[in-house]
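**Q** Sharing a structure, written as structure tokens. Questions coming.
The values are calculated or read from the model by the stated rules, or taken from the named source; none is laboratory data. Remember, it's a predicted structure, so these values are computed and weren't measured experimentally. Here the Cβ is made from the backbone with ideal geometry for all residues, glycine too, and neighbour counts use every protein chain on show.
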Amino acid sequence: MTAAGAAGQPLLQVSDLHVEIASRRGIVHAVDGISLEVPAGEAVGLVGESGSGKSMTLKAILGVLPPEAKVTAGSVVLNGTDLVQLSGSQLNKIRGPDIAMIFQEPMSALNPVMRVGAQIAEAPQVHLGMNRRQAADRALELMRRVGIPDPERRFRSFPHEFSGGMRQRVMIAIALSCEPALILCDEPTTALDVTIQDQILRLLHRLCRESGTSLVFVTHDLPVVAQICQQLAVMYAGQIVEQGTVQEVLTRPCHPYTLGLVRSAPDVDHPRASLEAIPGSPPSLISPPDGCRFHPRCKFAEEDCTVTPPPLRLIDAGHSTACLHYERCLDDLQAEGAGR
Amino acid sequence: MGRMTFVFRRLLLLIPTVLGVTIITFFMIHLIPGDPARTILGIHATPRGIAILHREWGLNRPLASQYWLFMDRLVHGNLGISLFYNVPVVGLITSHLPPTLWLICYAAVLAIIISVPLAMIAASRKDGVRDHVVRAVPLLGLGMPAFWLALILQTTLAVKFQLFPVSGYGTGIGGHLHSMFLPALVVAIALCPVVIRSLRASMLNVLGADFVTTARAKGVPGSRLFVRHVLRNAVIPAVTVLGINIGFLIGGTLIVEQVFQIPGIGSLMINSIFSRDFPVVQAVALVFGIMVVLVNLLTDVIYASLDPRVRFDR
Amino acid sequence: MSAISITPAAGAPQAGTAERAQPRRAHWYRQPALMTGLVLLAIILFMVIAAPLLTSYNPDTQNLNDTLAGISSQHWLGTDQEGRDIFSRLLYGGRVDLQVAFLAVLFPFTLGTILGSVAGYFGGWVDIVIMRLVDIVVAFPFFVLIIALVFVLGPGERSIYIAITLVGWVSYARIIRGEILIAKRQEYVLAAQSGGLSNLRIMRRHLLPNVITQAIIYAMSDIVQDILAIVTLSYLGLGIQPPTPDWGTMISDGQNFLTTHWQLTTIPGLAVVVTGLALSLIGDGLADLLRPGQA
């Protein structure tokens, strides 16, 4: 486990990250200038639709982008080192002990022909220099920590013998195996049943509280973010459109897209008469719309929204938005509140 | 289910196939136009000779009864008497079998040694220059007659440069390895195009799989990643493909044995065809059939051993 | 999994998976493999068909005064040990080999398609019997069975056709049966059935046109296999009988002269290789075209 750098410095600092994908139809700007800070010991949520670039962001941070994708600009600084500048073998030393990742599809994310225990023990063997016996003990201990019953027997099982929720626990155990300071979570609960989702989220929450691990939690599901994160960044079409504390952003959304997301998520505490979907579909990332990328779907759009891309600017303590007319959102919310 | 039960169940399922193989082999004699005995004996046909064969093969009996006779003999290890050598066919086959088995195994090993690295090279940079070369060159191999390649290699490497013996089986293990290198190479080259293609495809499949990303995310270094994660998964479908094509491998040994004069059952069969020695031809065909069936079973077992998902599903 | 969705507007390919939203059958002429193969095959076919135009020599005419001649303006590829012009033997031999191979592939194709359709469509004991038969035939190495059959039936062209048909139908049967098993669950078949169309009509008009493409792709590699079998049989003296020229016989005729006049054996072998290359390219190109992402 590595210390979180000088006091007050964020653990992870992503600056102006650009990821491009070469495709037959042109260059896809999957991530277009993202900046993000992850303080030590906190969970940051990254929310957006499919295609918003959130998964690509995580993969870019860890350096596990698919071959046709490349980081073309920006930096990812973890404990003073820019990960983007590192070579593959240098990155390999960091992956595991300093930073780890949990994936969405636990079935396909685990090696089908390798026993589960061996997969959990692999990182400690590679990075911490443990021998097989030690690594196996470590794996058993991790399995207990993540709540896998009967770990001695399960150690020798194969992934296909586990249920979805159990496999995800295995993935979490793998991620924790070298006690990283930061864990990237790529929609880890999306593929699970709702009841299991809740279990896994609580587990993650507890584990991170216990060991002070930071999280970057990617999801398209707002209630999930509310459950586990302190900070929240909303992504749209490869860019961050709003950022702030979870509390702030969800109760006072200052971007029409965020507003739309909030309104389309069912909320037990404040039931709405109907859920509103956001009309339209995500834009092309090869040739995105001019100006604000959300403007074709935005009901508050004005002339100036179509001209220049609005920058992300601070409107309150720790709360930024990329909407030129964010007051409309707040007005809209008030109107809705008054109408109830 | 345990491995033994698996094998046992498969063996049971194979019985009808093996029976079918014996039926076809048995029936070959009746495909001969005209009187089989007369046609076989050809210019050596005498009324007495014909009558002997008729009695020997039971050609006067009804078909079912003939088959019964055939099977009865087979079960007792009697495959008939060679018309040419005048000895029991079984003996001929047992003495000629080892070189063929050697050749088959040698060729399979060489095919793997050649194919795996080439497939790796192709898969590691998909659509790159190396990939295209590795995919294009084997296409030449697909259309290449094995005996032609054998002749050319024999003439250049054995006769001209004297690197290998021109023919024969050699003595001792070292002798075998030396003498059979060229023949095994020819058979392997015939097999490579198919194996390379399927290995490459399965490697590409695996390389793009999520669990490889997970392993990368764990920081597993390249060589370990490749062997424990990629290769281990990629060989599984390739084993199946190799198994399916084992028939071609085995069939290819026939002509190669002939060119290099290796005393295996392949050249035995061809020579017996030239000398019109029907019982031997029939018996060798039968042996080949059973060999392929057994090899397919072996492939299934290997596949089940490699892929833990299989045992439990079936 | 990366969360880039495949909408018509944002088309980002993913690593490894074959989901490409691109049009399929358009641009067949842009496939390099297919085009190269077709061009090559066209050249070969042209040369063998136009043989009388390209060479004035009769492939069987011996000229014992001019044996084993090298390349010259008179004999473009020289002569063999009996003074026969190699170039003309190559072309006429190609005629025979290619003709037999192309024809020979039709019978197993037809037989296998019929049996495979019946097995796949009707299922039940018909399916079991046919598939059992397939298992048995497949148990023999292809060439072993071919050579045994040719031996038994007597050498020559006719035996080749019979042997290849009896052995070769199985692959087609398997392919067609597999495709039909999938296709018959499609809705258009159910619609036809509920419309009261007879089974035969359904199979012929509705199912077959859709499943036949896989068989055609396979047929390309099957022709190559047949050419190899024919040439090998002829090399052994069991296939095309002299005096009809053929590539296999040419190779066998020339094998005693390999150290001195290697062109006698090498050239016909190269002809086989190039023909095989052309057909394989076509087969690969078709496969790529009709099942994108399969490469």
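**Q** Restricted to region B:2-46, and to residues that are among the polar types (S, T, N, Q) and in a helix (DSSP H, G or I), which residue is surrounded by the fewest Cβ atoms within 10 Å (Cβ to Cβ)?
**A** So the residue we want is B:T5.
**Q** Taking A:S264, is it touching a Leu at 6+ places or on another chain (Cβ under 7 Å) and at negative phi?
**A** It is true that A:S264 is touching a Leu at 6+ places or on another chain (Cβ under 7 Å) and at negative phi.
**Q** Continuing with the same structure: If A:P266 meets every condition in (1) under 30 Å from A:R206 (Cβ atoms); (2) of a type outside the set (D, E); (3) surrounded by 15 or more Cβ atoms within 10 Å (Cβ to Cβ) apart from one, which number is that one?
**A** Here A:P266 meets the rest and fails (3).
**Q** Let me ask something additional. Inside region A:32-91, can you point out the residues that are within 27 Å of B:S124 (Cα to Cα), away from chain C (no Cβ under 14 Å), in contact (Cβ under 8 Å) with a residue 12 or more places away in the chain and among the polar types (S, T, N, Q)?
**A** Across region A:32-91, the qualifying residue is only A:T72.
**Q** A further question follows. Give the residue that is surrounded by the most Cβ atoms within 10 Å (Cβ to Cβ), with candidates limited to residues of region A:202-229 that are farther than 21 Å from A:S52 by Cβ and under 16 Å from the mean Cα position of the chain (by Cα).
**A** In this case the residue turns out to be A:L204.
**Q** Residues to consider are B:L97, B:L92, B:L103, B:L79; find the one that is touching a helix residue (DSSP H, G or I) at 6+ places or on another chain (Cβ under 8 Å), assigned to a helix (DSSP H, G or I), under 14 Å from B:P279 (Cα atoms) and not acidic (D, E).
**A** Just a single option satisfies the conditions, and that option is B:L92.
**Q** Separate question: Between B:I15, B:I81, B:I24, which is in contact (Cβ under 8 Å) with a residue 60 or more places away in the chain and within 14 Å of another protein chain (Cβ to nearest Cβ)?
**A** B:I24
**Q** Can you find a residue in region B:271-284 that is in a helix (DSSP H, G or I), β-branched (V, I, T), under 26 Å from B:R130 (Cβ atoms) and within 11 Å of another protein chain (Cβ to nearest Cβ)?
**A** Looking for residues that are in a helix (DSSP H, G or I), β-branched (V, I, T), under 26 Å from B:R130 (Cβ atoms) and within 11 Å of another protein chain (Cβ to nearest Cβ), one finds none in region B:271-284, hence no.
**Q** Separate question: Could you list all residues from region B:257-286 that are of a type in the set (D, E) and under 16 Å from the mean Cα position of the chain (by Cα)?
**A** B:E257 - this is the single residue of region B:257-286 that is of a type in the set (D, E) and under 16 Å from the mean Cα position of the chain (by Cα).
**Q** Also, quick follow-up: Sort out which residues of region B:214-267 are hydroxyl-bearing (S, T, Y), under 17 Å from B:V292 (Cβ atoms) and surrounded by 24 or more Cβ atoms within 10 Å (Cβ to Cβ), and write them in order of number.
**A** If the condition is that a residue be hydroxyl-bearing (S, T, Y), under 17 Å from B:V292 (Cβ atoms) and surrounded by 24 or more Cβ atoms within 10 Å (Cβ to Cβ), then B:T253 is the only one that fits.
**Q** Related question: Cβ contacts < 7 Å: first residue more than 20 Å from A:Q134 (Cβ to Cβ), restricted to region A:146-158; second residue outside any loop (DSSP other than H, G, I, E, B), any location; separation 6+ or different chain. Result?
**A** Sorted first by the residue in region A:146-158, then by its partner, the pairs are A:G147/A:R169; A:G147/A:L203; A:S157/A:V116; A:F158/A:V116; A:F158/B:P308.
**Q** Given A:A191, A:A233, which one is over 11 Å from the mean Cα position of the chain (by Cα) and outside any helix (DSSP H, G or I)?
**A** A:A191
**Q** Something else: Out of B:H178, B:H132, I need the residue that is over 20 Å from the mean Cα position of the chain (by Cα) and away from chain C (no Cβ under 14 Å). Which one?
**A** Checking each option against the conditions leaves just B:H178.
**Q** For A:A60, only one of the following conditions fails: (1) farther than 21 Å from A:L314 by Cα; (2) in a strand (DSSP E or B). What is its number?
**A** The failed condition is (2).
**Q** Could you please find all residues in region C:104-139 being surrounded by fewer than 18 Cβ atoms within 10 Å (Cβ to Cβ) and not in a helix (DSSP H, G or I)?
**A** The answer is C:G123, and nothing else.
**Q** Consider C:W76 against the criteria (1) surrounded by fewer than 16 Cβ atoms within 10 Å (Cβ to Cβ); (2) assigned to a helix (DSSP H, G or I); (3) in contact with a Phe, Trp or Tyr (Cβ under 6 Å, 6 or more places away or on another chain): it satisfies all of them except one. Which criterion is unmet?
**A** (2)
**Q** Okay, moving on. Check whether at least one residue in region A:66-83 is more than 19 Å from the chain's Cα centre (by Cα), assigned to a helix (DSSP H, G or I) and buried (at least 17 other Cβ atoms within 10 Å of the Cβ), and report yes or no.
**A** no
**Q** In region A:123-145, is there at least one residue being small (G, A, S) and in contact (Cβ under 8 Å) with a residue 60 or more places away in the chain?
**A** Looking through region A:123-145, none of the residues is small (G, A, S) and in contact (Cβ under 8 Å) with a residue 60 or more places away in the chain.
**Q** May I pose another question? Answer with yes or no whether C:V211 is touching a helix residue (DSSP H, G or I) at 6+ places or on another chain (Cβ under 7 Å), more than 30 Å from B:T156 (Cβ to Cβ) and modelled with pLDDT of 90 or more.
**A** no
**Q** Could you please let me know if B:I262 is outside any helix (DSSP H, G or I) and either among the β-branched types (V, I, T) or within 11 Å of chain C (Cβ to nearest Cβ) (or both)?
**A** Against the criterion (outside any helix (DSSP H, G or I) and either among the β-branched types (V, I, T) or within 11 Å of chain C (Cβ to nearest Cβ) (or both)), B:I262 qualifies.
**Q** Among the listed residues A:P112, A:P149, A:P124, which satisfies the condition of being touching a Cys at 6+ places or on another chain (Cβ under 7 Å) and either outside any helix (DSSP H, G or I) or within 11 Å of chain B (Cβ to nearest Cβ) (or both)?
**A** Answer to the selection: A:P124.
**Q** Counting only residues that are aliphatic (A, V, I, L, M) and more than 9 Å from every other protein chain (Cβ to nearest Cβ), which one in region B:135-164 is farthest from the chain's Cα centre (by Cα)?
**A** Only one residue fits best here, namely B:L163.
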